[in-house]
Amino acid sequence: MSRTRVIVMNAALGPLDYRVPHGMTVEPGSIVVVPLGPRQLLGVVWEPERLGTEEVGDNRLRNLLAVADVPPIPAPLRRLVEWTADYYLAPLSAVLRMALASTSALEGQKLIVEYRATGTVPPRLTPQREQALVRIGDRQGLIRELATIADVSDAVIRGLVKAGAIEGVEVDLDSPFPLPDPDHAPPLLSPEQRAAADTLAAATTAAAFEPFLLDGVTGSGKTEVYLEAVAAALRADRQSLILLPEIALTEPFLKRFTGRFGVEPVAWHSGLRSSQRRRAWRAIATGEAKVVVGARSALFLPYARLGVIVVDEAHETSFKQEDGVHYHARDVAVMRGRFEGCPVILASATPAIETRHQVELGRYREVKLPDRYGAAQLPRIEAIDLLAEPPVRGRWLAPRLVTAIDATLARGEQVLLFLNRRGYAPLTLCRTCGHRFQCPNCTAWMVEHRLINRLSCHHCGHAYPTPRACPECSDEDSLVACGPGVERIADEVAALYPDAKTAIVTSDTIWSPAKAAEFVGRMEAGDIDIVVGTQLVTKGYHFPNLTLVGVIDADLGLEGGDLRAAERTFQQISQVAGRAGRGTKPGTVLVQTHAPGARVIEALVSGDAESFYAAETDARREADAPPFGRFAAIVVSSEDKALADQTARTVARSVPQVDGMHVFGPAPAPLAMLRGRHRFRLLVHATRSLDVQDVIRDWLGALDWGPKVRVAVDVDPYNF
Ligand code: ADP
Ligand code: ZN
């Protein structure tokens, strides 16, 4: 009799054994449907010897129900799934779920029907129908997807189909993606770029694991360079994966990619429709999708023959996943390269201290691009001491910044004002009684969004219309906005420069690739004079006529003693500064701060990144903080505060005595309440040589808590 071991898609269950019925063949990696009680679940066949030996008698085995008509999960990805589960203390099935990405990718169907507007107005045009047609526009999708886009019920969409206003179209999920041509338009590289590109291309051709740090200043042409490694992979008929931190970035990126290779790459991100997802997943698994550009979730897809992995803007903290499996895509990318046997290129102008440390240890090879491409020079950075040169009362732009904006606009050039805060004001309070608007679900203030006239929590999404009276004392006209967000800066700009064309760029305004494309188009056409934006504008974009960058509040990220606060501030301001003067005109960056003497501000002004990094690294070494020592956070949460508190204490009482490990807390987590759950945190500090995951696994494995408590472990945590 043939039996097999399966990881089933249920985090509460370990691997289970099944019988392989006659006529069915499976191998490790096969995606199967299994019975579990009365239900059917997806699972993946695994090598039994890698999962322990929990033998079940043959007579109690149930039959596998079906095998999916897709290639099995390849061995290198199976090893990556195991490594990720082990390192980040996550269930195998939770990691595997990311590889399967969407179960619908596995359905045998090759043709599906999607729907789109015909342009015909239905005879009976109810307000709901009108809303649906307006919102759907020229988009296409399943009935369910269109209903979501239009914010109406499925029945409304079906009614529109009956009325002839929406029609079905067949979509072939096996239709091929166009092939990128490595010789379409090779770039003319500078000698430094050529040398870097040759190194990376040779490593790709060699098809062996090797991690690289592509360390090039902003505007040095890192993209041009790593695309040559992609070209090498294409010539060797291997796949490439390019990870990018934000969806909004894909648009300018896609353009450049198309310029280089003649066609668009395959995109992978959360905004895909289910049909796009299925088509991409299958093409990736068969190897037909040659180049995939995606968000971090693209890392776990079942590439058939991976030839190179690029992590662009590798220092970005958005590569760290903060819920579900708490993994860091940069680090997992390196492990994937190891299992696949291919080079991994981490590209950044401001590499993380962790990454620089790997270079120092000789584990990653550094490839440098020290100069901007062509005639472009790095911008001049100056600090504005807000104590010495304060803005006019009630304003946020210091006089020197205003003067610089005047001059820039007079020359017909563009300005970027950077403030990493969405909305109008981060806090609203009542002048009469002192009431502050707080989120009922989170330890956070409600942020005013004046453009849509709502208060909103940036953590859980709770929102309501901005009230006119104070809910506490009923006083009218007593509410005051405290502090600035980008909308408030845009207001100030509008008051100072009524004739200037201003755009606000945040995730509220640029929420799709199409919106990003529209923004890029307007910038390039000179249709925008002043951009006010959050970190969304700090990277990737290339606007040659943008010559002045103003940083409204450089101190914002330095608050709260986060381990990486100074490093992050350095990275963020370097990146936003990197938007200035990328063409032939020189750029200027003015950084408003209350702490011009802070090490990070001095480093930015002097341009001496090396001594800044050296000092930061020393401080980390001193404190035995990462990359020297290691941290793990254990977060105990529950809707019941007392229960969470009590469980956290129980966890703390059973801390094992292990050399090289110390546990701090429990204490309320930095966000003491989040989405209605109270959170307590224990912080584990350990030396590198200790297998701290193993210790934590044993420690927590011996404890029990009810279903009302959640205990999450975050290995190598970020926000603390
Ligand atoms: P980085 O990612 O290092 O900040 P980019 O790759 O965005 O830099 O390059 C900056 C600009 O210079 C882009 O517009 C890019 O197209 C251009 N560029 C870089 N190298 C070349 C080259 N060899 N030939 C033509 N244009 C280049
Ligand atoms: Zn909230």
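The values are calculated or read from the model by the stated rules, or taken from the named source; none is laboratory data. All figures in this text were calculated on a predicted structure; none of them were measured in a lab. Cβ atoms come from the backbone with ideal geometry, glycine included; neighbour counts cover every protein chain shown.
Observations, loosely collected:
- The residues of the range 635-651 that are more than 16 Å from Phe664 (Cβ to Cβ), in contact (Cβ under 8 Å) with a residue 60 or more places away in the chain and not in a loop (DSSP other than H, G, I, E, B), listed by number, are Ser637, Ser638, Leu643, Ala644, Thr647.
- Pair list, Cβ < 6 Å and 6+ apart or interchain, from the range 211-222 residues that are within 19 Å of Val576 (Cβ to Cβ) to residues that are near ligand 1 (Cβ under 10 Å from one of its atoms) and in a strand (DSSP E or B): Gly216/Leu369; Ser220/Leu369; Lys222/Leu214; Lys222/Gly216; Lys222/Ala347
- Candidates are the residues of the range 274-330 that are hydroxyl-bearing (Ser, Thr, Tyr) and outside any helix (DSSP H, G or I); the one that is nearest to Asp174 (Cα to Cα) is Tyr303.
- Residues in the range 205-227 that are over 23 Å from the mean Cα position of the chain (by Cα) and surrounded by fewer than 24 Cβ atoms within 10 Å (Cβ to Cβ): Thr205, Ala206, Ala207, Ala208, Phe209, Glu210.
- Of all residues in the range 510-542, those satisfying the criterion of being more than 21 Å from Thr218 (Cβ to Cβ) and surrounded by fewer than 18 Cβ atoms within 10 Å (Cβ to Cβ) are Trp511, Ser512, Ala514, Lys515, Ala517, Glu518, Gly521, Arg522, Ala525, Gly526, Asp527.
- Of the residues in the range 189-197, none is surrounded by 14 or more Cβ atoms within 10 Å (Cβ to Cβ), modelled with pLDDT under 90 and part of a helix (DSSP H, G or I).
- The range 349-389, residues that are assigned to a strand (DSSP E or B), in contact with a helix residue (DSSP H, G or I) (Cβ under 7 Å, 6 or more places away or on another chain) and among the charged types (D, E, K, R): Glu366, Glu382
- Taking the criterion of being assigned to a strand (DSSP E or B) and away from ligand 2 (no atom under 12 Å from the Cβ), the residues of the range 673-689 that qualify are His678, Arg679, Phe680, Arg681, Leu682, Leu683, Val684, His685, Ala686.
- Looking across the range 438-468, the residues that are assigned to a strand (DSSP E or B) and more than 12 Å from ligand 2 (Cβ to nearest atom) come down to Glu448, His449, Arg454, Pro465.
- Residue in the range 592-602 that is surrounded by fewer than 19 Cβ atoms within 10 Å (Cβ to Cβ) and touching a Lys or Arg at 6+ places or on another chain (Cβ under 6 Å) present: no
- Residue check, Leu214 assigned to a loop (DSSP other than H, G, I, E, B) and more than 16 Å from ligand 2 (Cβ to nearest atom): no
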